[in-house]
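Every number here is computed from the coordinates shown, using simple stated rules; none is lab data. If you're wondering where the values come from, they're calculated on a predicted model, not measured in any experiment. Backbone-built Cβ (ideal geometry, glycine too); neighbour counts: all protein chains shown.
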């Protein structure tokens with residue numbers, strides 16, 4: 001169940017027992033199918049651009065940093081195959097029946113040919129999950145590599161095309177490698193900030209915290225964001241207990257966060273999404289720690305559905321609410337959360353549930369609503385199923401990135417992110 005091999009050979013090692021969502025082989029990127037966790041461990045091979053798109057769209061892999069890594073590593077994979085045979089398009093494995101792809105890489109005859117292939121591929125991959133900005137940021141980094149290569153090209157057309165492909169491969173691999181490094185740094189910074197604050201204000205040395213969704217190594221290239229902070233608290237002896245919501249309808253908490261925390265043997269307790277208020281009433285929770293899919297200029301944050309209500313309840317109970325995310329999650333092109341596009345998921349994801357049949361030991365999908373709910377056309381058969389909500393900056397205590405902590409000072413313009421981007 002536990003994979004200790006980093007997705008990139010050059011990536012730093014992750015702590016013992018920590019899980020991973022990706023690994024690279026000679027002919028594919030392997031993705032652990034998170035729809036089947038925690039009961040079935042299945043690594044699905046990604047050979048083509050379409051494979052990557054489908055894995056992201058169908059949520060076999062999820063988590064803003066992880067999907068950016070998969071998209072980048074897949075581009076790297078197909079370009080690396082082309083570099084082995086730069087001028088013979090017929091040798092591309094993506095043209096064979098086993099790995100048929102409409103996006104097979106053309107022969108490297110000229111940089112313009114490669115560019116005309118690559119840019120639509122990046123657009124296609126980016127469209128797979130529109131709310132998570134890390135995917136957009138990763139594809140933009142590759143676009144910048146393409147643009148910069150046009151101004152520094154030397155040699156024949158074939159040599160320029162090869163140099164461009166090699167530059168894109170390096171950029172793609174760096175996207176994955178840097179994510180793990182960022183996660184470990186922001187986790188350390190966030191844990192140290194919280195321990196110091198709670199010790200100063202409450203005199204406590206061991207903390208109770210709560211999180212939403214899954215933000216650990218399954219959602220990143222390793223270690224995690226919010227769950228990384230919780231792991232850091234545990235590793236340094238400052239964690240009393242971590243509470244986590246089930247995070248319906250996909251149950252990222254009950255399926256994935258529970259798996260990661262139990263694998264690491266971190267003291268933890270699952271709660272239903274509707275129990276957050278009760279938890280705050282009856283337990284001395286010190287902080288809510290969440291990740292993010294997009295943080296805009298004023299600090300408004302899009303994250304897994306249910307984050308907004310957790311933040312509202314935390315504010316009512318005087319509990320710190322921390323957002324932990326890499327700089328790649330910051331979107332300073334948008335002024336407020338009103339500009340964030342919120343992805344709407346299929347109704348069936350809310351009307352059905354997947355789990356283990358205790359009698360047969362096999363995975364089953366069951367319908368939990370009456371027939372027609374979510375699929376019928378009547379007014380009483382509707383389902384509202386947004387994947388994310390937006391937490392206003394006024395409910396957020398701080399935003400933590402690998403660059404530092406941006407504390408909410410209560411200004412009219414929101415949280416100043418200039419020092420952490």
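Order of 135-147, 204-216 by packing, highest average Cβ count within 10 Å first?
204-216, 135-147
Assign one of three labels to the stretch 212-361, namely rounded, prolate or oblate, based on the Cα gyration tensor with a ≥ b ≥ c the square roots of its eigenvalues; rounded applies when a/c is under 1.5, prolate when it is not and a/b is larger than b/c, and oblate otherwise.
rounded
State the extension gain, in nm to one decimal, for the chain segment bounded by residue 87 and residue 335, taking 0.36 nm per residue of separation less the distance between their alpha-carbons.
Contour length minus Cα-Cα distance gives 84.7 nm.
What's the exposure ranking of 193, 380, 43, going from fewest to most Cβ atoms within 10 Å?
Listed from fewest to most nearby Cβ atoms, that is 380, 43, 193.
Pick from 185, 176, 201: which residue has the top mean-square fluctuation in a GNM of the chain where Cα pairs under 10 Å get a spring?
201
Taking Cα pairs under 8 Å and at least six residues apart, what relative contact order does the chain come out at, in percent?
Value for the chain: 15 percent.
If you line up the long axis of helix 111-126 against the longest principal axis of the chain, both from Cα atoms, how many degrees apart are they, to the nearest 10?
So the inclination is approximately 20 degrees.
Expressed as a whole number of Å, what is the distance separating the alpha-carbon centroids of the stretch 365-402 and the stretch 230-305?
Measuring centre to centre over Cα atoms gives 18 Å.
Set the Förster distance to 30 Å, then compute FRET efficiency between residue 262 and residue 369 from the Cβ-Cβ distance, nearest 0.05.
Computed FRET efficiency for residue 262 and residue 369 comes out at 0.50.
Note down the relative contact order for the stretch 22-179 as a percent, whole number, built from C-alpha pairs under 8 angstrom at least six residues apart.
After rounding, I find 25 percent.
Could you tell me the calculated FRET efficiency between residue 54 and residue 418, based on Cβ-Cβ distance and R0 = 30 angstrom, to the nearest 0.05?
Once the sixth-power term is evaluated, E becomes 0.20.
Could you check which residue among 327, 399, 229 shows the biggest mean-square fluctuation in a GNM of the chain with a 10 Å Cα cutoff?
327
Report, to the nearest 10°, how far helix 64-84 tilts away from the longest principal axis of the Cα atoms in the chain, using its own Cα long axis and a range of 0 to 90°.
10
Angle check, please: helix 307-316 long axis (alpha carbons) against the longest principal axis of the chain (alpha carbons), in degrees 0 to 90, nearest 10.
Helix 307-316 and the main axis of the chain meet at about 30 degrees.
Which shape class applies to the stretch 354-418: rounded if a/c is under 1.5, otherwise prolate when a/b exceeds b/c and oblate if not, where a ≥ b ≥ c are the square roots of the Cα gyration tensor eigenvalues?
Because a/c hits 1.5 or more and a/b fails to exceed b/c, the stretch 354-418 counts as oblate.
Take the Cβ-Cβ distance between residue 384 and residue 284 as r, set R0 to 51 Å, and report the resulting FRET efficiency rounded to the nearest 0.05.
Once rounded, the FRET efficiency stands at 0.90.
Fewest to most neighbouring Cβ within 10 Å: what's the order for 227, 279, 36?
The most exposed by this proxy come first: 36, 279, 227.
Among 357-363, 155-161, how do they line up from the highest to the lowest mean number of other beta-carbon atoms within 10 Å?
Final packing ranking: 155-161, 357-363.
So what's the Cα pair-distance distribution over the chain, bin width 10 Å, in %?
5, 22, 31, 25, 13, 5, 1, 0
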